[in-house]
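Participant: Please see the structure below; I have some questions.
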Amino acid sequence: MTQFSDQELLEQLRSRDHNPHYAFNLLVKKYQQRLYAHIRRMVIEHDDTNDLLQNTFIKIWEHLGEFREESQLYTWMYRIATNECLGFLRQKKKRFFLPIGDVEGELLQRLEKNLSPDAGKIEKKLQEAIIRLPEKQRIVFNLRYYDEMPYETMSQVLNTSAGALKASYHHAARKIEKYLTGN
Amino acid sequence: MEQENELSGFPGLETLKKQEPYKVPEGYFNSFSERLPDLLVKPVRNQLRIRKVVLVSCGLTVIIAPAILLFQKPESKPLIEPSYTDLIESGYVFELDEALLSDEYSTMFHGAPRENDMIEDYLIENTDETSLKSQL
């Protein structure tokens, strides 16, 4: 299958000569795994991830007309997915009147049954350490560590300066290291 | 490369093999991209349905509300004043107590003598009956 660039997909989505549904399907196929992984690392459970991924793509579809290309398409898509995750976690806290620590506790409880069979003890420990991070640090760490997203791009996703994100990643890495090594 | 340098100070993280930690149901991504087009159409359909319902209910309100107001409005038929014969035939007049009427009449003026009454009393007291007859 030909892999189209984001710009080509955007042109096809906006062009009257092309079927926008077909172009959107190509966009979904191109980004579904990356966005899924990003959401899953935040909410842990597959069913929640599936709902949030659907909502993310529905919002992308509905608001494509408003996308002004001030940022890259995939940055904009990541932003929508991140906002969906944060909204979901906030709703969870509100609905069950949970303090932040209890949401963490719930995510930690879910961790075991959601981990891949290939994941070893050290991998489980890493995930525990990531879940224990503050929300924003968790997003920054995941985007940098797993997606290897450049800070400049991340600053567009999270609307924060690259310097602040660098510091945030460093803090997160230090906390995780401490948790992993027990020092 | 840049990221590896970033992790150089963290040996625990640096030595870890990077892999996606969570299991994904088999064939999930194929079914997801197949299911999604339906989900994209549904919200639009729902929106259209909601718009239709709103429009129809607005239309019905515009038609029904004035009709209800029209029916609820009190009838503004002019009152027909009863004629003298109507009053007599109704027999209502005969049921009135004369004493009650006179009481009502006197209280209407808070018990104060009317000017006409004073003139009448004066005439009765000071008029000679014979001269009055002769004048008539």
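The values are calculated or read from the model by the stated rules, or taken from the named source; none is laboratory data. Please read all numbers here as calculations on a predicted model, not as lab measurements. Don't worry about glycine lacking a Cβ; one is built from the backbone with ideal geometry, like all the others, and counts go over all protein chains shown. Just so you know, the surface numbers come from the protein's heavy atoms only, side chains and all, with ligands and any DNA or RNA stripped out. Shrake-Rupley method; radii C 1.70, N 1.55, O 1.52, S 1.80 Å.
Participant: Would you tally the residues in the range A:159-175 being among the hydrophobic types (A, V, I, L, M, F, W, C) and open to solvent by 20 Å² or more (accessible area, probe 1.4 Å)?
Facilitator: Of the residues in that region, 3 qualify.
Participant: Right, something else. Which ones in the range A:93-119 are at pLDDT below 85, of a type outside the set (D, E, K, R) and crowded, with 18+ Cβ neighbours inside 10 Å?
Facilitator: A:A119
Participant: Please work out which residue is surrounded by the most Cβ atoms within 10 Å (Cβ to Cβ), limiting yourself to the range A:128-139 and to residues that are closer than 22 Å to A:N83 by Cβ and more than 12 Å from chain B (Cβ to nearest Cβ).
Facilitator: For the range A:128-139, the residue satisfying everything is A:I139.
Participant: Regarding the range A:41-62, can at least one residue be identified that is outside any helix (DSSP H, G or I), touching a helix residue (DSSP H, G or I) at 6+ places or on another chain (Cβ under 8 Å) and more than 14 Å from chain B (Cβ to nearest Cβ)?
Facilitator: Looking through the range A:41-62, none of the residues is outside any helix (DSSP H, G or I), touching a helix residue (DSSP H, G or I) at 6+ places or on another chain (Cβ under 8 Å) and more than 14 Å from chain B (Cβ to nearest Cβ).
Participant: I've got another one for you. Among (1) over 15 Å from the mean Cα position of the chain (by Cα); (2) of a type outside the set (K, R); (3) at the interface with chain B (Cβ under 10 Å from one of its Cβ atoms); (4) open to solvent by 80 Å² or more (accessible area, probe 1.4 Å), where does A:L26 come up short?
Facilitator: Answer for A:L26: the failing condition is (4).
Participant: Of (1) under 12 Å from the mean Cα position of the chain (by Cα); (2) away from chain B (no Cβ under 13 Å), A:S155 satisfies all except one. Which?
Facilitator: (1)
Participant: So is A:R90 in contact with a Ser or Thr (Cβ under 9 Å, 6 or more places away or on another chain), in a helix (DSSP H, G or I) and not β-branched (V, I, T) or not? Walk me through how you get there before you give the answer.
Facilitator: Working: in contact with a Ser or Thr (Cβ under 9 Å, 6 or more places away or on another chain): no; in a helix (DSSP H, G or I): yes; not β-branched (V, I, T): yes.
So A:R90 fails the test.
Participant: Another question, if that's okay. Take A:R40 and tell me if it is within 14 Å of the chain's Cα centre (by Cα) and among the basic types (K, R).
Facilitator: For A:R40, the condition - within 14 Å of the chain's Cα centre (by Cα) and among the basic types (K, R) - is met.
Participant: Then there's this: Would you kindly identify the helices (runs of 4 or more DSSP H) lying entirely within the range B:1-111 that contain at least 3 residues that are away from chain A (no Cβ under 11 Å) and modelled with pLDDT of 75 or more?
Facilitator: Ranges flagged: B:28-72, B:84-90.
Participant: Same structure, new question: Do we find that A:I122 is aliphatic (A, V, I, L, M), open to solvent by 30 Å² or more (accessible area, probe 1.4 Å) and within 8 Å of chain B (Cβ to nearest Cβ) in this structure?
Facilitator: Yes.
Participant: Just one of (1) assigned to a helix (DSSP H, G or I); (2) open to solvent by 70 Å² or more (accessible area, probe 1.4 Å); (3) more than 22 Å from B:N5 (Cβ to Cβ) trips up A:K178, so point out which.
Facilitator: The single condition A:K178 does not satisfy is (3).
Participant: Could you pull out the residue among A:L158, A:L180, A:L126, A:L133 that is touching a Gly at 6+ places or on another chain (Cβ under 6 Å) and of a type in the set (A, V, I, L, M, F, W, C)?
Facilitator: Going through A:L158, A:L180, A:L126, A:L133 in turn, just one is touching a Gly at 6+ places or on another chain (Cβ under 6 Å) and of a type in the set (A, V, I, L, M, F, W, C): A:L180.
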